[in-house]
Amino acid sequence: MRGRIREAVRRFLIPKAKSIMRSPPRTIEGRSPVLEAVRAMTDLGIGSLIVTRDGRPVGIFTRRDLMRRVIERGLDVGRTRVEEVASSPLISIGPDDDLASAMELMRSRGVSRLAVMRGGELVGILTMTDIRLRFPKGYLSPWILLKRFLVDTMAYLTFWSGIWTFVQIYVLKFTVTQYIANAAIGSILTIALGGIYGRYLDAIRRRADV
């Protein structure tokens, strides 16, 4: 039962990779010299490039690869090819995979970047930095999300119920029977929509970057 609740929360409340992935992803042909990759990352202000071979994504080249596999070994950045020092195989997820799953995959594989693939086509890149910048600590925990959903529902319920009760009794002058009937219907609708409203509000805030 606990597992089912966790899975349902993840499916409906946790944002998907496509919501914050960087698209289109920046790529470089594997046969290119490392110097070209360094210039591209510097000019674009990014920390990695997806490495391709004949148009297919096969790996990733990061600043860490540059330091550990090129600089520390004293390799010539003008002669060393990117594919010789890139990290591979390329670890990927789908655009509809949730961010909690993405973070678990990153931790288990010891990486901080994932390619986002749809039907074999590269559509984006997702980084741990992007996730942490967009979402506060704990936001992607299914149980914390469930707790927030319940809190949102209760807050929404008490706020609007109080206002509607005042309107019914002092403005509309409802009878006791009318009040009870409307209160019951209102409570059901508020409980059903309260948490959804909270998640909707979160989504609007993320889209507006506030």
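The values are calculated or read from the model by the stated rules, or taken from the named source; none is laboratory data. Since the model is a prediction, treat every value here as computed from it, not as a measurement. No Cβ is skipped: glycine too gets one built from the backbone with ideal geometry, and neighbour counts run over all protein chains shown.
Candidates Asp98, Asp65, Asp76: the one that is on the phi < 0 side of the Ramachandran plot, touching a residue at least 40 places away in the same chain (Cβ under 8 Å) and either acidic (Asp, Glu) or in contact with a Cys (Cβ under 8 Å, 6 or more places away or on another chain) (or both) is Asp98.
Regarding the stretch 28-39, can at least one residue be identified that is touching a helix residue (DSSP H, G or I) at 6+ places or on another chain (Cβ under 7 Å) and closer than 30 Å to Pro15 by Cα? Yes, there is a match, as at least one residue in the stretch 28-39 is touching a helix residue (DSSP H, G or I) at 6+ places or on another chain (Cβ under 7 Å) and closer than 30 Å to Pro15 by Cα. Would you confirm whether or not the stretch 102-121 contains a residue that is more than 14 Å from the chain's Cα centre (by Cα), at pLDDT 90 or above, of a type in the set (Gly, Ala, Ser) and farther than 24 Å from Val34 by Cα? Within the stretch 102-121, one or more residues are more than 14 Å from the chain's Cα centre (by Cα), at pLDDT 90 or above, of a type in the set (Gly, Ala, Ser) and farther than 24 Å from Val34 by Cα. Number of residues in the stretch 43-62 that are at negative phi and loosely packed, with under 13 Cβ neighbours inside 10 Å: the value is 3.
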